[in-house]
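A short write-up of the structure that comes next.
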Amino acid sequence: MGFERGECGLPTIGAFGRRRRIRESEKSDSAEPRTQAAVARDPNYPEIDIPPVWDAKGQLVQPKDFRELVFLGAPLTPHGLNGGKASFPEFHNVYTQPAAFKAYRATGKWPEGTMMIKELQLVSDPKGEFPDGSTTAPSGRGYFPGPPNGLDVSVKDSKRFADSNGWGYFNFNHSAPPYLATAALTSVDECTGC
């Protein structure tokens with residue numbers, strides 16, 4: 001994952017401090033984005049610093065260095081809290097571009113070209129020690145991240161995805177990395193429920 005790991009396998013304070021410093025540098029209007037530096041701005045997405053990239057077939061190119069973008073959160077839906085039948089029994093680590101986040105904070109709306117990047121990450125012990133699936137670690141009882149296990153991206157483009165309320169959905173595989181280099185549009189029925 002690119003984090004420094006302590007003895008119990010959890011990210012160390014150094015990893016969180018580095019993420020904070022990246023975010024601080026992104027606050028400056030003069031700071032260059034730290035990710036996808038080779039990607040030029042796209043006139044279709046004037047508010048976006050790191051635009052989605054499309055190949056010749058119209059497939060979405062996997063966003064590079066997405067773990068360095070703005071981390072929005074990590075919802076968790078483990079089997080242990082869902083009667084053993086969670087649809088998505090993992091952490092959903094969600095990231096977006098710095099400019100998209102800044103625009104949303106200012107206006108309450110996601111601008112055209114926003115990417116919501118969701119990396120699935122299994123819990124460290126899917127069975128857990130307790131009936132609810134939780135385990136114990138030196139920090140206490142809870143659910144702890146295990147290996148990455150999939151990548152989904154949604155892109156806001158009201159013209160390209162007019163039939164799906166302005167958002168397109170892409171699956172780069174639900175398995176361990178490496179993920180696919182490109183992904184075709186996924187049907188609305190398959191993806192909008194999540």
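Points to keep in mind about this one:
- Residue pairs meeting the criteria (Cβ under 7 Å; at least 6 apart or on separate chains; first over 18 Å from residue 88 (Cβ atoms), in segment 158-180; second open to solvent by 30 Å² or more (accessible area, probe 1.4 Å) and small (Gly, Ala, Ser)): 166/158
- Scope segment 184-194; condition assigned to a strand (DSSP E or B) and either of a type in the set (Phe, Trp, Tyr) or open to solvent by 50 Å² or more (accessible area, probe 1.4 Å) (or both); matching residues: 185
- Filter result for residue 109 (over 20 Å from residue 75 (Cα atoms) and either surrounded by 19 or more Cβ atoms within 10 Å (Cβ to Cβ) or of a type in the set (A, V, I, L, M, F, W, C) (or both)): no
- Look at segment 29-50: where a residue is part of a loop (DSSP other than H, G, I, E, B) and open to solvent by 30 Å² or more (accessible area, probe 1.4 Å) and a partner is among the aliphatic types (A, V, I, L, M) and at pLDDT 95 or above, sitting 6+ places away or on another chain with Cβ atoms under 8 Å, you get 33/50; 39/50; 39/53; 41/48; 42/48; 47/99; 47/100; 47/103.
- Residues that are touching a residue at least 40 places away in the same chain (Cβ under 8 Å) and of a type outside the set (D, E, K, R), drawn from segment 132-145: 133, 134, 137, 138, 139, 143, 144, 145
- When the criteria are applied in full, residue 119 fails the requirement of being in contact with a strand residue (DSSP E or B) (Cβ under 7 Å, 6 or more places away or on another chain) and open to solvent by 10 Å² or more (accessible area, probe 1.4 Å).
- Candidates 148, 111, filtered to the one that is in a strand (DSSP E or B), under 18 Å from the mean Cα position of the chain (by Cα) and of a type outside the set (Asp, Glu): 148
- Within segment 151-183, the set of residues being at pLDDT 95 or above, surrounded by 13 or more Cβ atoms within 10 Å (Cβ to Cβ) and either aliphatic (A, V, I, L, M) or part of a helix (DSSP H, G or I) (or both) comprises 151, 153, 155, 180, 183.
- Among the residues making up segment 55-88, those that are open to solvent by less than 40 Å² (accessible area, probe 1.4 Å), in contact (Cβ under 8 Å) with a residue 40 or more places away in the chain and part of a loop (DSSP other than H, G, I, E, B) are 58, 62, 63, 69, 78.
The values are calculated or read from the model by the stated rules, or taken from the named source; none is laboratory data. None of these values were measured; they are calculated from a predicted model. Cβ atoms come from the backbone with ideal geometry, glycine included; neighbour counts cover every protein chain shown. When the accessible area is computed, the model is the full protein with side chains, heavy atoms only, and any ligands, DNA or RNA have been set aside. Shrake-Rupley method; radii C 1.70, N 1.55, O 1.52, S 1.80 Å.
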